[in-house]
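The values are calculated or read from the model by the stated rules, or taken from the named source; none is laboratory data. If you're wondering where the values come from, they're calculated on a predicted model, not measured in any experiment. A quick note on method: Cβ atoms are made from the backbone with ideal geometry, for glycine too, and the neighbour counts reach across all protein chains shown.
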Amino acid sequence: MSEVEDPVTTVVRLLNTNMHVVKDDHSLASILVTNEWYNREVFKNYDGQITVGLRQAQDLKVELSGRIRRRIGALAVNVWATDRSDPKAEPGKVVRRKMLDEVLRIVRQNRAVPNRTVYDHYGFGASSSTNRAYDGGAVSELEPDDAGWIELSAAEYVKLWSSDDQRHVKSDTVLNEYALMLFRFKVQSRELTVKRIILSFEGYGTAPGGNGSTVKVWNHTTSAWGNAASGAGSSDETMTITLTSSLSDYIDGSGFLWLLAKTTNPSNGSTPAILYCDNATCTVTVNGITYCDIATYRDQDNVEVSPFVLRTEIGLKSWLFEDVGGAY
């Protein structure tokens, strides 16, 4: 049986992976999302902090035997800001309001799927410690640690940031070589809490032997690519690999998942094999809360210190249903 993920962990990850606060100068604010509590030292390097804590939990029977149960949680999300000494920094009240609006947006839009996380390459660049992307060319499917992979440049990463018809392109004209791409995703959940993984590649391939692209996932237990999915188009199509069992075979000891994409056919030495990618994602669903929404929010500023500590507390309600087994 898989573990049930702590609701605080779920909400921290939900906010952290979706938080995009844009400052007035159009740059992204640096926001730290953590478990409780506030840390004044954070504001030396961050524009704001968001903390999550559990206020109350209930474990209720759904039917008489007590086998089916409903866990109800009351969580507090605190938005913290202050006026920074940097004269170029935005006022604390402005940052606090933007963070509040972003928390409300994220929770409302994901209220029915708080336990689902979509990993992509938005905001990532070269040498990221988490999600990365590479391309290459070879007559066979290169392993993830093969020296033949070349990481994308910062400008090439931008083309993967969203499904917007701005594609990264890999072309290979060497005889019998396929155009290849490799995507690494860092899963931010404990392996035993994961219950479903969906890997998606949006793009297409062309080659003299026929159009089409193929995707596979790396099984680190067998050291082989598998679970192939293919398309035969010459324009964008989405190919997906869904994993629901033996998930530990695909998440390695560092928490990485690897997705390979290739042209289905190779180059003939004169006409290239070309692989186009618009977007690649990894969607992970954990065994955790299945509903989370806004309940209340209020300002709780501390004006007894200087500079003032600006805080808004947001109350969340959450729940999950669980079959605990046992006798009827």
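Mind listing whichever residues of the range 268-293 are part of a strand (DSSP E or B) and among the hydroxyl-bearing types (S, T, Y)?
Y276, T281, T283, T285, Y291, listed by residue number.
Listed residues A232, A207, A224; which is within 27 Å of V286 (Cα to Cα) and either among the aliphatic types (A, V, I, L, M) or modelled with pLDDT under 95 (or both)?
A224
Test each condition in (1) of a type in the set (S, T, Y); (2) closer than 17 Å to N279 by Cα; (3) touching a helix residue (DSSP H, G or I) at 6+ places or on another chain (Cβ under 9 Å) for T193 and report the one that comes out false.
That leaves (2) as the condition not met.
Would you check which residues across the range 47-77 are in a strand (DSSP E or B), crowded, with 20+ Cβ neighbours inside 10 Å and not hydrophobic (A, V, I, L, M, F, W, C) and list them?
Hits for the range 47-77 are G48, Q49, T51, G73.
What number of residues in the range 33-48 are of a type in the set (A, V, I, L, M) and modelled with pLDDT under 95?
1
Please go through the range 233-267 and give me each residue that is polar (S, T, N, Q) and either without any contact (Cβ under 8 Å) to a residue 40 or more places away in the chain or loosely packed, with under 15 Cβ neighbours inside 10 Å (or both), ordered by number.
If the condition is that a residue be polar (S, T, N, Q) and either without any contact (Cβ under 8 Å) to a residue 40 or more places away in the chain or loosely packed, with under 15 Cβ neighbours inside 10 Å (or both), then S234, S235, T238, T240, T242, T244, S245, S246, S248, S254 are the ones that fit.
Any idea which residue in the range 165-195 is surrounded by the most Cβ atoms within 10 Å (Cβ to Cβ), counting only those that are in contact with a Pro (Cβ under 6 Å, 6 or more places away or on another chain) and in a loop (DSSP other than H, G, I, E, B)?
Within the range 165-195, the match that is surrounded by the most Cβ atoms within 10 Å (Cβ to Cβ) is E177.
If a residue must be of a type in the set (D, E, K, R), outside any loop (DSSP other than H, G, I, E, B) and surrounded by fewer than 15 Cβ atoms within 10 Å (Cβ to Cβ), how many such residues does the range 294-321 contain?
Going through the range 294-321 one residue at a time, the tally reaches 2.
Would you mind telling me which numbered condition in (1) under 25 Å from the mean Cα position of the chain (by Cα); (2) at pLDDT below 90 T51 fails?
Only one criterion in (1) under 25 Å from the mean Cα position of the chain (by Cα); (2) at pLDDT below 90 is unmet by T51, namely (2).
I'd like to check something: does the range 92-108 contain any residue that is among the charged types (D, E, K, R) and not in a helix (DSSP H, G or I)?
Scanning the range 92-108, I find no residue that is among the charged types (D, E, K, R) and not in a helix (DSSP H, G or I), so the answer is no.
Name the residue, out of S162, S230, S223, S200, that is under 19 Å from D135 (Cα atoms), loosely packed, with under 15 Cβ neighbours inside 10 Å, in contact (Cβ under 8 Å) with a residue 40 or more places away in the chain and small (G, A, S).
Every option except S162 fails the conditions.
Picking from A81, A89, which residue would you name as being among the aliphatic types (A, V, I, L, M), modelled with pLDDT under 90 and outside the structural domain of L257 (by TED's automatic domain parsing)?
A89
Consider only pairs whose beta carbons are under 9 Å apart and that are at least six residues apart or on different chains; among these, list those whose first residue lies in the range 51-80 and is at positive phi and whose second residue is among the small types (G, A, S).
Qualifying pairs under 9 Å: G66/G326.
Tell me, which residue of the range 136-159 that is outside any loop (DSSP other than H, G, I, E, B) and crowded, with 16+ Cβ neighbours inside 10 Å is farthest from the chain's Cα centre (by Cα)?
A138
Go through the range 294-314 and count every residue that is under 14 Å from D101 (Cα atoms) and touching a residue at least 60 places away in the same chain (Cβ under 8 Å).
Adding up the residues that qualify gives 6.
Which count do you get for residues in the range 78-91 that are surrounded by fewer than 16 Cβ atoms within 10 Å (Cβ to Cβ) and in a strand (DSSP E or B)?
Result for the range 78-91: 0.
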